Amino acid sequence: MKLQKMKKRRWGDLGWAYLMIAPTILGLLVLNIYPVISTIYLSFTKTGDFGASSFTGIGNYTKMFKDPEVLQATWNTFRYTIGVVPVGVLLALFFAVLLNANIKGKTLFRTIYFLPVVSTPVAVAMVWRWLYNTEFGLLNYLLSLFGAGPVGWLTTSRYAMFSLIVVGIWSTLGYNMVLLLAGLQEIPKTFYEAADIDGASPIRKFFFITLPLVSPTLFFVLVLTFISSLQMFDFIYMMVDRGNVAMGSVQTLVFLFYKYAFQIYDRGYASAIVVFLLAIILAITALQMHLQKKWVHYD
Amino acid sequence: MKAKKLVALFLALTLTLGITACGNSSTTPSGGSQTNGSGGGKGTTITYAIWDKNQEPGMRAIADAFEAQNPGIKVKVEVTGWDEYWTKLEAGATGGVLPDAFWMHINNFRKYADAAMLEPITEGVDMSKFPEGLVDLYTVDGTSYAVPKDFDTIGLWYNKTMFDEKGIPYPDESWDWDKAIEVAKQLTDPSAGVFGLMAGHSAENQQGFYNLIFQNGGHVISEDKKSSGYDLPETIEAVQVWHDLIHEHKVSPPYETLVESSASNLFTSGRVAMVMLGSWMVTELKNNEYSAANADVAVLPQMKQRATVYNGLGNAVSAKSPNKEAALKFVQFTGTEEANLLQAEHVSAIPAYEGTQQPWIDSITTFNVGKYVDMLEYAYIYPTSKTRPRWDVAENDYMRQILSGQLGVEEGCKALASEMNAILADE
């Protein structure tokens with residue numbers, strides 16, 4: 001009797017809970033889960049015009065792993081990620097620690113560092129494009145003051161990826177910094193006071209108090225930055241033109257996906273590329289989840 | 001615990017993947033059609049989608065004239081940039097919500113016509129009043145699917161002031177490419193950053209190497225659309241001339257500059273003396289103070305023969321439109337002399353209707369734009385086929401390497417030909 005009553009009540013509670021999360025779950029199903037599944041399905045088809053498609057099995061995948069363009073794009077994606085993630089996250093941590101200290105005008109500085117996040121990527125890319133311009137750009141003008149020759153920041157295969165990485169770091173810095181700042185403020189002041197009494201140096205305090213206690217936030221930031229770097233698209237789209245020689249050495253997997261889906265209209269092959277990217281992201285994120293035991297401290 | 005983590009991981013990933021995936025299958029097109037019930041009367045609103053902001057006033061004027069003659073029908077002119085236009089149109093066609101009437105370009109025409117997205121235009125337009133090549137462009141098996149709207153050719157723009165300073169006579173009909181290169185060398189001054197004759201980057205085919213290919217007797221694609229023309233000696237030779245402007249004679253800015261700065265930017269800032277530009281650029285050059293005062297246009301220099309590339313847009317009606325009748329009526333109206341004259345008056349583009357070109361020429365006194373119309377006589381139609389979007393990407397990939405000097409001209413053209421042939425065999 002008692003048990004039955006309890007069950008009934010539990011169902012009542014659970015029903016309410018499910019009702020509450022229903023809008024989010026429905027949104028997820030329609031906007032995220034369904035497209036993911038249909039993308040995976042599309043990757044096994046050869047698509048015709050306007051939604052017509054025929055099943056081809058793993059044809060797209062066998063073609064993909066033999067396609068030097070895909071291999072190059074995978075390598076480019078990794079190069080970009082390796083360039084952005086370590087420097088970007090460490091810089092964000094560095095600035096977060098600085099701005100967490102009691103300095104004058106810290107609100108102003110926090111705003112300045114966060115500004116790139118508020119600006120639209122398209123506007124950001126257009127400004128950087130001009131800074132990088134070989135003939136009229138500010139960067140080359142500054143170089144010319146020191147007598148250095150003009151550098152084709154975006155037009156030579158040698159520098160283009162480097163230039164994109166700089167923009168990538170610059171634009172994610174503020175967001176990561178704010179997340180880390182929130183993490184830093186959670187750390188109780190008493191730990192630092194105790195350390196002061198023991199006479200610990202600032203560097204010791206950073207490595208033995210700050211770093212372990214901010215590690216959950218740092219982990220979160222790391223995972224997010226990895227994923228967003230692996231999905232880089234907008235800066236290439238805006239800053240590297242179709243005729244640009246450097247295109248081959250900077251185009252990422254998502255850019256290649258765009259090219260096949262929206263320029264060549266080969267949706268099947270494009271889906272295979274993006275599913276391949278999903279697999280890469282899944283593997284890297286799973287690895288990070290596994291490794292976190294070694295360095296992330298939850299209370 | 002582990003299961004929870006996995007679920008969280010999966011959700012996080014799908015959230016992020018959603019960014020790339022949503023573009024693929026779920027796109028909501030705006031546009032489409034709507035029936036306007038307000039005001040008590042029975043009214044229909046049709047959408048008319050176009051991609052050129054410069055032409056909006058002209059299109060609006062045509063829509064106004066149409067509305068005045070057809071009470072009860074309203075036309076909404078919708079401008080979307082070139083790239084987004086096609087993405088939107090494609091999504092609309094897939095989802096069954098195309099705009100009622102819209103501009104069609106030859107790059108995509110066959111795809112839409114073959115999928116029965118376009119309504120046949122069988123009456124109400126006198127097709128004999130338009131250049132035959134343009135009508136043929138939008139005809140499949142004897143049925144027209146779009147009304148020719150305009151045409152464009154390519155001309156040679158030159159900076160009068162720069163010619164005057166060196167005492168060189170302006171380009172005219174007597175010029176061939178040897179002469180053009182010779183003059184370009186005289187006008188080039190690397191220390192001042194001034195170049196005589198600008199080539200173009202790989203994606204600039206219509207305003208660039210296509211013209212030279214036809215002038216040299218070559219072609220891009222065979223007439224039966226079955227084979228590529230890039231392995232013809234005539235085509236290779238023409239690409240070589242274009243390539244040499246940059247690398248051999250150095251009369252063109254280096255390839256990197258061509259990519260970073262647009263032709264009109266370099267021309268209107270006095271950095272290049274001559275450049276090839278399409279007739280659709282007239283409005284921009286006219287509105288620019290510098291080019292309005294210093295520039296003019298001539299016919300293209302010739303090689304073995306005179307030639308230029310021409311192309312034209314068409315006005316099409318969606319076969320799926322619920323307001324098909326109203327839309328058809330509107331598109332038929334765009335094919336009248338009246339509508340074409342309105343187009344001429346607003347300097348939109350060279351109107352296609354017979355006899356309406358002169359008013360267009362007269363409406364622009366700044367430049368000698370009659371040259372654009374003169375060139376129609378020996379113009380070749382813009383090369384295309386059903387698989388154009390695919391070989392267009394291949395063409396760009398190879399031409400990029402060829403024109404930047406990373407790949408030999410002959411070697412690159414032959415490789416491009418074999419890749420293009422493979423795509424065409426698939427058609």
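Residue-wise test of (1) crowded, with 22+ Cβ neighbours inside 10 Å; (2) in contact with a Gly (Cβ under 9 Å, 6 or more places away or on another chain); (3) not assigned by TED's automatic domain parsing to the domain that holds residue B:216.
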| site | (1), (2), (3) |
| --- | --- |
| B:325 | no, no, yes |
| B:334 | yes, no, yes |
| B:341 | no, no, yes |
| B:346 | no, yes, yes |
| B:350 | yes, yes, yes |
| B:374 | no, no, yes |
| B:391 | yes, no, no |
| B:396 | no, yes, no |
Among the numbered conditions (1) surrounded by fewer than 21 Cβ atoms within 10 Å (Cβ to Cβ); (2) within 30 Å of residue B:180 (Cβ to Cβ), tell me where residue B:139 comes up short.
(2)
Under the condition of being of a type in the set (Phe, Trp, Tyr) and without any contact (Cβ under 8 Å) to a residue 40 or more places away in the chain, which residue from segment A:101-130 is farthest from residue A:168 (Cα to Cα)?
A:109
Taking residue A:176, is it in a helix (DSSP H, G or I) and crowded, with 22+ Cβ neighbours inside 10 Å?
yes
Residue check for residue B:121: assigned to a loop (DSSP other than H, G, I, E, B) and more than 22 Å from residue B:325 (Cβ to Cβ)
no
Restricting the search to segment B:124-143, which residues are in a helix (DSSP H, G or I) and not acidic (Asp, Glu)?
B:127, B:128, B:129, B:133, B:134, B:135, B:137
Identify the single condition in (1) touching a strand residue (DSSP E or B) at 6+ places or on another chain (Cβ under 8 Å); (2) in the same structural domain as residue B:290 (by TED's automatic domain parsing); (3) buried (at least 18 other Cβ atoms within 10 Å of the Cβ) that residue B:241 does not satisfy, given that it satisfies every other one.
(1)
When every residue in segment B:47-59 that is in contact with a strand residue (DSSP E or B) (Cβ under 9 Å, 6 or more places away or on another chain) and either surrounded by fewer than 17 Cβ atoms within 10 Å (Cβ to Cβ) or not assigned by TED's automatic domain parsing to the domain that holds residue B:100 (or both) is compared, the one modelled with the lowest pLDDT is B:53
Is it the case that some residue within segment B:291-313 is surrounded by fewer than 22 Cβ atoms within 10 Å (Cβ to Cβ) and modelled with pLDDT under 90?
no
Matching option when the condition is within 24 Å of the chain's Cα centre (by Cα) and surrounded by fewer than 20 Cβ atoms within 10 Å (Cβ to Cβ), among A:257, A:162, A:235, A:207:
A:162
What single numbered condition from (1) at pLDDT below 90; (2) part of a loop (DSSP other than H, G, I, E, B) fails to hold for residue B:172?
(1)
Determine which single condition residue A:154 fails, assuming it passes every other condition in (1) in a helix (DSSP H, G or I); (2) within 14 Å of chain B (Cβ to nearest Cβ); (3) touching a residue at least 24 places away in the same chain (Cβ under 8 Å).
(1)
Working only within segment B:64-93, note down all residues that are assigned to a helix (DSSP H, G or I), over 22 Å from the mean Cα position of the chain (by Cα) and either surrounded by fewer than 14 Cβ atoms within 10 Å (Cβ to Cβ) or in contact (Cβ under 8 Å) with a residue 60 or more places away in the chain (or both).
B:64, B:65, B:66, B:68, B:69
Residue match in segment B:317-334 (condition: without any contact (Cβ under 8 Å) to a residue 12 or more places away in the chain and either within 14 Å of another protein chain (Cβ to nearest Cβ) or out of contact with any helix residue (DSSP H, G or I) (no Cβ under 6 Å at 6 or more places or on another chain) (or both))
yes
Just to verify a result, which residue in segment A:14-73, among those that are acidic (Asp, Glu) and in a helix (DSSP H, G or I), is surrounded by the fewest Cβ atoms within 10 Å (Cβ to Cβ)?
A:69
Here is a list of conditions, (1) at pLDDT 95 or above; (2) of a type in the set (A, V, I, L, M); (3) not assigned by TED's automatic domain parsing to the domain that holds residue B:266, and residue B:147 meets all of them except one; can you say which number that is?
(1)
Selection count where residues are within 28 Å of residue B:212 (Cβ to Cβ) and in contact (Cβ under 8 Å) with a residue 24 or more places away in the chain, scope segment B:137-166
18
Could you tell me whether segment B:374-385 includes any residue that is free of Cβ contacts under 8 Å to residues at least 24 places away in the same chain and out of contact with any helix residue (DSSP H, G or I) (no Cβ under 6 Å at 6 or more places or on another chain)?
yes
If we keep just the residues of segment B:389-423 that are in a helix (DSSP H, G or I) and among the hydroxyl-bearing types (Ser, Thr, Tyr), which is farthest from the other protein chains (Cβ to nearest Cβ)?
B:418
Determine whether segment B:183-203 contains at least one residue that is surrounded by fewer than 22 Cβ atoms within 10 Å (Cβ to Cβ) and under 20 Å from residue B:381 (Cα atoms).
yes
Scan segment A:233-249 and give yes if some residue there is farther than 28 Å from residue A:76 by Cβ and β-branched (Val, Ile, Thr), otherwise no.
no
Enumerate the helices (runs of 4 or more DSSP H) found wholly within segment A:201-299, keeping only those where 3 or more residues are of a type outside the set (Gly, Ala, Ser), at the interface with chain B (Cβ under 7 Å from one of its Cβ atoms) and more than 30 Å from residue B:255 (Cβ to Cβ).
A:267-295
Name the residues in segment A:74-102 that are among the polar types (S, T, N, Q), farther than 18 Å from residue A:255 by Cα and assigned to a helix (DSSP H, G or I), would you?
A:100
Condition check: closer than 20 Å to residue A:91 by Cα and in a helix (DSSP H, G or I). Does residue A:191 satisfy that?
no
Number of the exception - residue B:215 against (1) under 22 Å from the mean Cα position of the chain (by Cα); (2) surrounded by 21 or more Cβ atoms within 10 Å (Cβ to Cβ); (3) within 14 Å of another protein chain (Cβ to nearest Cβ); (4) more than 20 Å from residue B:290 (Cβ to Cβ)
(3)
Please determine whether any residue of segment B:356-373 is away from chain A (no Cβ under 14 Å), at pLDDT below 90, under 30 Å from residue B:44 (Cβ atoms) and touching a strand residue (DSSP E or B) at 6+ places or on another chain (Cβ under 6 Å).
no
Kindly indicate whether residue B:158 is modelled with pLDDT of 90 or more and surrounded by fewer than 19 Cβ atoms within 10 Å (Cβ to Cβ).
no
Inside segment A:240-297, the number of residues satisfying the requirement of being of a type in the set (S, T, N, Q) and under 14 Å from residue A:223 (Cα atoms) is 3
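The values are calculated or read from the model by the stated rules, or taken from the named source; none is laboratory data. Fair warning: this is a prediction, and the values are worked out from it, not measured in the lab. Quick reminder, even Gly has a Cβ in these numbers, built from the backbone with ideal geometry, and neighbours come from all protein chains shown.
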